[in-house]
Structure formats: structure tokens, C-alpha cells
């Protein structure tokens, strides 16, 4: 697996979209109407998610809890209640299934919720993928690749000169670091003993050489 996306909680999604657009990013809402998130895609590597809320109604959360999926809802509640800032990390593979990652968690005797998800984005693309939400919130979310390519064209650079995310620092418990390393071989992921995403390093396009004078 590689770095999939970084989740940044915002207090006001519409305002955040305006602010990040003003910072020179190309931002698009997750859905055409009533979107709970917005996304900053790059031609390569992980994308950046602005999360207003998880979008799951309270009654749906209660149903999940009734069916023994309380750990999954604990993660969603933590995201919904979080202060503005970096709150989560997702890892992504290059396949349409998530079976190999499930096997690694099973071998480590780690529990999780596995399921399918999807949405129709503002461009009319029907995006589908499979995901795993580990019960332990100090593990990242795991995802298959999307069924459609949502990235901008190769070589795309945002108006501010940023072409991608170069690295992410993620803190977790010491005993979980080997599991994450088995799941993810991305050189851009730095793991340390701690809690949560602490730093995201953006990568700028090479500055063109100054013309000779």
C-alpha cells in the first residue's frame, strides 16, 4: 500500500474551500450537493481531504452500535467532534480488492470493519471502492483504489506551484509500527511513537531556471 489521503477537519466546509482556493489549490467537493467533504487531488501520490463532517446521521450511528460496530462509530464520532486540523490518514493499494490487507490484520489479530463505499462526484463520476476501518484508531484507514481515475492529468501543478504531497508523519503505538510497515511500503510515510498525523510536507514543482541575462 501507499499513502492514500490525509484528512484535515474543518469547521466550515464552504469557507475552507474558499480559503484553500485562495491559497492556490484546485479544490472540488466530494459530491455535487450536500457534500460533507472537499478534495485536493494531485497527479501522483496521496490527496488532501477537507472534512466538514462524516455525514453519518445519528440514527445510523445508533444502528451500527446495536450491531456491534461501536469501534467504527467511535472513530467517526472522534472525527465529527475534532477541532480543526489534521485528524486522520488513509492508506491505499493499487487493486480493486482489499483482501491482502485484511489478511495482514487477521494475522496480527486486529479487528476491523470491512465494507464497500461510493459516491457520485460533481463531474458525474460514480466512484466505488472497498475499505477497512480498524477498530484501533491508532491504525490508519485502509482503502482499495477507486474504480475510476479521479486524478488531474500527468504533470498537473496547482496554481500555487504545489504538485503533490511529499511526506506524512504519523504517530502510533510502538507495537503497531511493524503492522503498518507490513501494510505500507511508501517511503513518504514516517512512523513514530505518538498519536495521529503530525506533519504533511507538500512538494513544489521545480522552479524554472532564470533566463540568462
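Within segment 183-205, restricting attention to residues that are surrounded by 14 or more Cβ atoms within 10 Å (Cβ to Cβ) and touching a helix residue (DSSP H, G or I) at 6+ places or on another chain (Cβ under 9 Å), the residue that is farthest from residue 9 (Cα to Cα) is 183. Taken over segment 40-62, the residue count meeting the criterion of being farther than 24 Å from residue 121 by Cβ and surrounded by fewer than 12 Cβ atoms within 10 Å (Cβ to Cβ) is 3. Within segment 65-76, being crowded, with 17+ Cβ neighbours inside 10 Å and free of Cβ contacts under 8 Å to residues at least 24 places away in the same chain holds for 73, 76.
Residue 191 fulfils the conditions (1) free of Cβ contacts under 8 Å to residues at least 40 places away in the same chain; (2) more than 21 Å from residue 45 (Cα to Cα) except for a single criterion, (2). Inspection of segment 126-133 identifies at least one residue that is touching a helix residue (DSSP H, G or I) at 6+ places or on another chain (Cβ under 8 Å), more than 27 Å from residue 24 (Cα to Cα), crowded, with 18+ Cβ neighbours inside 10 Å and at pLDDT 95 or above.
Restricting the search to segment 108-134, which residues are out of contact with any strand residue (DSSP E or B) (no Cβ under 8 Å at 6 or more places or on another chain) and within 22 Å of residue 68 (Cβ to Cβ)? Correct list: 108, 109. Looking at segment 15-24, is at least one residue closer than 22 Å to residue 126 by Cβ and at pLDDT 95 or above? No, segment 15-24 has no match at all. Residues being closer than 17 Å to residue 160 by Cβ and free of Cβ contacts under 8 Å to residues at least 60 places away in the same chain: count how many of those fall in segment 11-38. Residues that pass the stated criteria total 9. The strands (runs of 3 or more DSSP E) found entirely in segment 87-149 that carry 1 or more residues being touching a residue at least 60 places away in the same chain (Cβ under 8 Å), within 14 Å of the chain's Cα centre (by Cα) and closer than 16 Å to residue 49 by Cβ are 126-134, 141-143. Evaluation of residue 175 against the conditions (1) at negative phi; (2) in contact with a strand residue (DSSP E or B) (Cβ under 7 Å, 6 or more places away or on another chain) shows that the sole unmet condition is (2).
The values are calculated or read from the model by the stated rules, or taken from the named source; none is laboratory data. Quantities reported herein were computed from a predicted structural model and do not represent experimental measurements. In this analysis, Cβ positions are derived from the backbone assuming ideal geometry, glycine residues included, and neighbour counts consider all displayed protein chains.
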